[in-house]
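Colleague: After the structure tokens below, expect a handful of questions from me.
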Amino acid sequence: MNFTVISVGRLKESYFAEAVDEYAKRIGAFGKVKLIDVKDDSAILQKIPSGAYIFALCIEGDSFSSDEFSATLEKIYLSEKKGICFIIGGSDGLPTEIKEISDKKFSMSKMTFPHRLAKVMLLEQIYRALSIQNNRKYHK
């Protein structure tokens, strides 16, 4: 399974960067993950992989349990899509045009989190979903 995570801004805090690196490494046991940081919203569109299923992370999106998220990723993997792309906006959220082209609007919570933390949380949930699919002990 190939994953792309596009996020606006760079992680400045070393503890967030270390967590991102750790989960990206763990995901690597199941597939490829490409992390792309862009300076602003205008660069997002050109970074989306062709043929990928697009998740726009936004507060008005649907929420999933970890099991539901895992099943959703597996269903997409078995489809004809060429990978899965997650897009995390900056502190002002995502532009409407990105939300409109997405296949799914996805909310990790009704709570508000810093977008830097959202990247860590997303990667952890991808790893958890893959662990569920592969019957690993991580998910309990």
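Colleague: Restricting to the stretch 1-21, name every residue that is in a helix (DSSP H, G or I) and either within 19 Å of T72 (Cβ to Cβ) or among the hydrophobic types (A, V, I, L, M, F, W, C) (or both).
Modeller: Scanning the stretch 1-21 gives F16, A17, A19, V20.
Colleague: A further question follows. Please work out which one of (1) farther than 20 Å from P49 by Cβ; (2) buried (at least 18 other Cβ atoms within 10 Å of the Cβ); (3) under 15 Å from the mean Cα position of the chain (by Cα) is the condition S131 fails and give its number.
Modeller: With respect to (1) farther than 20 Å from P49 by Cβ; (2) buried (at least 18 other Cβ atoms within 10 Å of the Cβ); (3) under 15 Å from the mean Cα position of the chain (by Cα), S131 is out only on (3).
Colleague: Continuing with this model, one more query. Inside the stretch 49-64, can you point out the residues that are open to solvent by 30 Å² or more (accessible area, probe 1.4 Å) and in contact (Cβ under 8 Å) with a residue 40 or more places away in the chain?
Modeller: If the condition is that a residue be open to solvent by 30 Å² or more (accessible area, probe 1.4 Å) and in contact (Cβ under 8 Å) with a residue 40 or more places away in the chain, then P49, Y53, I59, E60, D62, S63, F64 are the ones that fit.
Colleague: Something else about it: Inside the stretch 1-45, can you point out the residues that are open to solvent by less than 30 Å² (accessible area, probe 1.4 Å), farther than 19 Å from C58 by Cβ and among the β-branched types (V, I, T)?
Modeller: Within the stretch 1-45, V20, I27 qualify.
Colleague: Hey, can you tell me all the residues within the stretch 48-63 that are of a type outside the set (G, A, S) and part of a strand (DSSP E or B)?
Modeller: Scanning the stretch 48-63 gives Y53, I54, F55, L57, C58, I59, E60, D62.
Colleague: Any idea how many residues of the stretch 65-113 are within 26 Å of K39 (Cβ to Cβ), assigned to a helix (DSSP H, G or I) and in contact (Cβ under 8 Å) with a residue 12 or more places away in the chain?
Modeller: Residues meeting the conditions: 4.
Colleague: Tally up the residues in the stretch 22-47 that are hydrophobic (A, V, I, L, M, F, W, C) and not in a helix (DSSP H, G or I), please. Before you say what the answer is, go through the steps one by one.
Modeller: Going through the stretch 22-47, the residues hydrophobic (A, V, I, L, M, F, W, C) turn out to be 24, 27, 29-30, 33, 35-36, 38, 43-45.
Then drop every residue that is not not in a helix (DSSP H, G or I), which leaves 29-30, 33, 35-36, 38.
The number of residues fulfilling the criteria is 6.
Colleague: Given F113, F106, which one is aromatic (F, W, Y) and crowded, with 18+ Cβ neighbours inside 10 Å?
Modeller: Exactly one residue qualifies, and that residue is F106.
Colleague: Look through the stretch 80-103, keep the residues that are of a type in the set (V, I, T) and exposed (fewer than 15 other Cβ atoms within 10 Å of the Cβ), and return whichever of them is nearest to K12 (Cα to Cα). Spell out the reasoning first.
Modeller: Just the residues of the stretch 80-103 that are of a type in the set (V, I, T), to begin with: 84, 87-88, 96, 98, 101.
After this cut, where a residue has to be exposed (fewer than 15 other Cβ atoms within 10 Å of the Cβ) as well, the list is 96, 101.
Working: T96: 27, I101: 29 Å.
Here the residue is T96.
The values are calculated or read from the model by the stated rules, or taken from the named source; none is laboratory data. Nothing here was measured: the structure is a model prediction, and the numbers come from that model. Neighbour counts run over all protein chains shown; Cβ positions are idealised from the backbone, glycine included. Heads up: the accessible areas ignore ligands, DNA and RNA and are worked out on the full protein's heavy atoms, side chains in. Shrake-Rupley method; radii C 1.70, N 1.55, O 1.52, S 1.80 Å.
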